[in-house]
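As structure tokens, the structure follows; a few thoughts come after it.
Please treat every number below as a calculation from the coordinates, not as lab data. Here the structure is a predicted model, which means the values were calculated and not measured. In this analysis, Cβ positions are derived from the backbone assuming ideal geometry, glycine residues included, and neighbour counts consider all displayed protein chains.
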Amino acid sequence: MKIMTGRVNLADFLFAREYRGRDSYAAQSLKSVPAAVIAGRLTSKDPRAEPRVKERVPFLIVAGLPKAQLITLVRTPEEFLAVSVLTGDLSRHKPATCFLLSPVSLFARPAS
């Protein structure tokens, strides 16, 4: 019920992975490891924003198209809140609602 009304703690949906440093990843891994993808996105905006080596980088997975690659749906908590804070109500914002309800609906279906 808390999810339907939008009264959820965002921390319950966060993942965090250790960032090993830009030089530690293979070229292909820079595009497939969530911590490296977020670090690349942060440094493209500000070169000083790169996470430190062994720092845990928080991220969450947002809703996307059914065939979308999971790595393209990775967002920082700040990026997610920048979009959903506009209304202040998660149940009225479609991407936020889909992010929260899609995984839960898989488990909430009644058994037949």
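Some values worked out for this structure:
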{"quantity": "Nonlocal amide H pairs with Glu55, under 5 Å, H built at 1.01 Å", "calculated": "Tyr19"}
{"quantity": "Projected area averaged over orientations for segment 27-84, convex hull of C-alpha atoms, nm²", "calculated": "4.6 nm²"}
{"quantity": "Sites Glu78 and Ser32, calculated FRET efficiency, Cβ-Cβ separation with R0 25 Å, nearest 0.05", "calculated": "0.70"}
